[in-house]
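Notes for the one structure printed next.
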Number of protein chains: 2
Amino acid sequence: MKRITIDSNLSLAILGLLAQEPMSGYGLRKVFLTTAMKAWSDSPGAIYPALRRLRKDGLIEGTVQRENTLRPREVFALTRRGRAGLVASLTRPVTREDVVRRTDGLFLRFSLMSGLVGRDGMLAFLRGMEGQTEDYLKVLEAEFRRRGPGLPFSGRAALERGVEDFRATVRWVKKTRMDLAKLRTTEGE
Amino acid sequence: MKRITIDSNLSLAILGLLAQEPMSGYGLRKVFLTTAMKAWSDSPGAIYPALRRLRKDGLIEGTVQRENTLRPREVFALTRRGRAGLVASLTRPVTREDVVRRTDGLFLRFSLMSGLVGRDGMLAFLRGMEGQTEDYLKVLEAEFRRRGPGLPFSGRAALERGVEDFRATVRWVKKTRMDLAKLRTTEGE
DNA sequence: TGCAGCATGTAACCTGTTACATGATTAG
DNA sequence: CTAATCATGTAACAGGTTACATGCTGCA
């Protein structure tokens, strides 16, 4: 059986939500629409195809509610394989690319960890995230020192915000690691 | 002539860079690869098709350097239409959707403004951004107060970071507006 | 002469967007 | 009964990723 990794943030978010509670496609849409996960697509043209893909890969299975009607209602839940794939995707080592181009993917991954990944796994993830972010921050800061003074106003201001954003991420990671270390081992798992 | 608006961040970034200085496709790749614009794609499979689209729409034109060879080198520059379209795309009103789903697009837009958009245009943009961000921040904060306490550790921590991020954006906008107001009118235009 | 880096591109594929379509259920 | 909302979907399209292919140029 080949290794499973979930490619897109949307699929990851769907799997993560279904891990917490089985839901229909419409239920997922409502979550994306009404909660803080608004950053992800609530469009049926994204969700239903994604669900079909996940089912095809054996990561989820649906039980049809209202059989024999023309408009069945289908509730999806993770399979064992789906849970394993989700956990594997969440705990994958944090790369430079993750930090530079998929920052929100990183926060999404962490947000889904409780209940699926133990405290050690979360700490390892945060350590990786901290290291990669600090490395990249150094690069950005060096660039800001070198090229910043020559940049026009708006470019410099935007770059400054970018640098500050990575600094804030580092602060968040450090704080979250501390909070997590203080937690009783079982809590949040 | 129909109104031009640039759809994707990559196209916007390309137009913005070409507005500063004509460049070849490879030149653009190098910028994406070696500067703070690493968040955008440096892959030829994205850049060259985008350049062809922009040329097809009459927004840029290329002058071939090494004619008669099998491997010509082409330097692209904005057309008048391209500059107009770029300015229109940069100064488009800031929407809620921009804030929630296209935050980096907003910073990209602002970063490209100097030299193309006057101080009043920049201030209008920042005012719009501030209003929309504050509105959404209120929504997020309310959600955090309501649902935060019940969330598992990692979900709560990630949501907290999200809220803090929008707060930081508001602070940045306020500061940048002040800095901009202090600037001599001509500077940074 | 050969290799590294400059420079341009294509093809297959995947995912998401927009817009449309349609049936089922429930509150007034 | 009817309108709103629940609920599921499709089709056309746009855009990006990955992997591959190829020629040119300067230098050791």
| If you scan region A:114-129, which residues turn out to be more than 12 Å from chain B (Cβ to nearest Cβ) and surrounded by fewer than 19 Cβ atoms within 10 Å (Cβ to Cβ)? | A:120, A:124, A:127
| Cβ pairs under 8 Å, 6+ apart, first in region B:174-188 and within 21 Å of residue B:134 (Cα to Cα) and surrounded by 12 or more Cβ atoms within 10 Å (Cβ to Cβ), second modelled with pLDDT of 70 or more and of a type in the set (Gly, Ala, Ser) | B:176/A:157; B:179/A:157
| request: Quickly run through region B:13-44 and pick out the residues that are touching a Gly at 6+ places or on another chain (Cβ under 8 Å) and within 15 Å of DNA strand C (Cβ to nearest atom). | output: B:18, B:44
| request: Inspect region A:133-145 for any residue being more than 11 Å from chain B (Cβ to nearest Cβ), closer than 24 Å to residue A:16 by Cβ, over 16 Å from the mean Cα position of the chain (by Cα) and surrounded by 19 or more Cβ atoms within 10 Å (Cβ to Cβ) and give the result as yes or no. | output: yes
| request: Confirm whether residue A:128 is small (Gly, Ala, Ser), within 16 Å of the chain's Cα centre (by Cα) and within 16 Å of DNA strand C (Cβ to nearest atom). | output: no
| said: Can you confirm whether residue B:82 is on the phi > 0 side of the Ramachandran plot and more than 16 Å from DNA strand C (Cβ to nearest atom)? | reply: no
| Can you name every residue in region A:1-58 that is of a type in the set (Gly, Ala, Ser) and over 18 Å from residue A:86 (Cα atoms)? | A:24, A:25, A:27, A:36, A:39, A:41, A:43, A:45, A:46
| task | Would you mind finding the one in B:118, B:105, B:82, B:58 that is farther than 28 Å from residue A:39 by Cβ, under 17 Å from the mean Cα position of the chain (by Cα) and within 16 Å of DNA strand D (Cβ to nearest atom)? | result | B:82
| said: Please go through region A:6-15 and give me each residue that is within 12 Å of DNA strand D (Cβ to nearest atom) and either in contact (Cβ under 8 Å) with a residue 12 or more places away in the chain or touching a His at 6+ places or on another chain (Cβ under 8 Å) (or both), ordered by number. | reply: A:8
| Among the helices (runs of 4 or more DSSP H) contained in region B:1-113, which hold 2 or more residues that are more than 28 Å from residue B:125 (Cα to Cα) and more than 14 Å from chain A (Cβ to nearest Cβ)? | B:25-34, B:44-56
| said: The conditions are (1) within 9 Å of DNA strand C (Cβ to nearest atom); (2) under 27 Å from residue A:103 (Cβ atoms); (3) surrounded by fewer than 13 Cβ atoms within 10 Å (Cβ to Cβ), and residue A:47 fails exactly one of them. Which is it? | reply: (3)
| The one condition in (1) under 22 Å from residue B:154 (Cα atoms); (2) crowded, with 21+ Cβ neighbours inside 10 Å; (3) within 12 Å of DNA strand D (Cβ to nearest atom) that residue A:18 fails to fulfil | (3)
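The values are calculated or read from the model by the stated rules, or taken from the named source; none is laboratory data. In this text, all values refer to a predicted model and were calculated from it rather than measured experimentally. Cβ sites come from the backbone with ideal geometry, for glycine too, and all protein chains shown count toward neighbours.
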